[in-house]
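To keep things clear, I will list the structure first and then write my remarks on it.
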Amino acid sequence: CSSDLSAAVCVALLSSLTVAADLSAVTDRIAARDYPSVFQAWNQATAFAGKTQPQMQALHDLVFLHPTAMGLRAVGPCEGESLEFTVDSLAAGLARRRELLRLNPAIVILAEIRYRDAPAGFLPDDSPWWKRAPDRGFVMGWAEGGYRLLDVGHAGWHEQVARRAKAVMDTGCFDGIMLDWWVDDADRQALVRGVRRAVGPEALILVNSNDREIPRTAAEVNGLFMECSKKDLARGYTRPEIDQIADTLSWAETSLRQPRINCLEGWRVVQDPRAGRE
């Protein structure tokens, strides 16, 4: 392509063809994987033992990550408002996807869509989509990240999340999306219904519900990311906790939308959390 405009058209066409071809085959890819079947949560795989970063990533049959980890860069200063990606980054994202599928033809790639909290700068400070305290200050979320909470109940924010999910899917770089901090409430039910309408019936939706069942939103969701956290890192899981995890996984394997992509993550025992020793 000889100009920015024609380059954008070429990338857009390639993206649409990729979406159509890959989403129609995603069920086959899920069924084709062998066991043990492992997934990568958020963080990039790192080069190790002579293998490159993409080679390490491709050892996983499912990965979910922020769109920037595939090379995508939003157009505009605020990611949460943007519905476009730069031409160069679209090309980079599609190239990364092709490489991962070459290395592992069964791999499934999901994009995290932030909807519950975000860092400063994700939206303008005066955006109506930030959650506000009574004094109109920002409400802070997860302590370690220092992220601001977003207004999960705001109908306008639901619409924007759905638009952003569709924009990410339209790049052709992903098989679906991942939504963190999932609670089976009315606000998230409205949100995920809008997202499903936007991304279509074939795109995958994974949500992080920890060890909880989600009957209210199950019809729109293909899988649970069971990030089975525990408050006391110095001990293993108790029998009641293991029973809860097992019951929820069994429920998810029979109750969610097909194809199903349930992901189970257990937390290790840490003898000294300050030192990080197992």
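The values are calculated or read from the model by the stated rules, or taken from the named source; none is laboratory data. These numbers were taken from a predicted model, which means no experiment stands behind them. Using ideal geometry, Cβ is built from the backbone for each residue, glycine included, and neighbour counts are taken over all protein chains shown. For the accessible areas, the whole protein counts, side chains as well, though only heavy atoms, and no ligand, DNA or RNA atoms are used. Shrake-Rupley method; radii C 1.70, N 1.55, O 1.52, S 1.80 Å.
With the structure loaded, tell me whether Ala118 is open to solvent by less than 30 Å² (accessible area, probe 1.4 Å) and in contact with a Ser or Thr (Cβ under 9 Å, 6 or more places away or on another chain) or whether it fails that test. Spelling it out, it is not the case that Ala118 is open to solvent by less than 30 Å² (accessible area, probe 1.4 Å) and in contact with a Ser or Thr (Cβ under 9 Å, 6 or more places away or on another chain). For Asp272, the requirement of being of a type outside the set (A, V, I, L, M), surrounded by fewer than 23 Cβ atoms within 10 Å (Cβ to Cβ) and at pLDDT 95 or above is not met. Considering the stretch 108-119, the residues that are assigned to a loop (DSSP other than H, G, I, E, B) and modelled with pLDDT of 95 or more include one that is nearest to Gly71 (Cα to Cα), namely Ile113. Quick one: in the stretch 60-76, which of the residues that are farther than 14 Å from Val168 by Cβ, touching a strand residue (DSSP E or B) at 6+ places or on another chain (Cβ under 8 Å) and in a loop (DSSP other than H, G, I, E, B) is least open to solvent (accessible area, probe 1.4 Å)? The qualifying residue least open to solvent (accessible area, probe 1.4 Å) is Asp61. For the stretch 15-59, taking the residues that are of a type in the set (Ser, Thr, Tyr) and modelled with pLDDT under 90, the one that is surrounded by the most Cβ atoms within 10 Å (Cβ to Cβ) is identified as Ser15.
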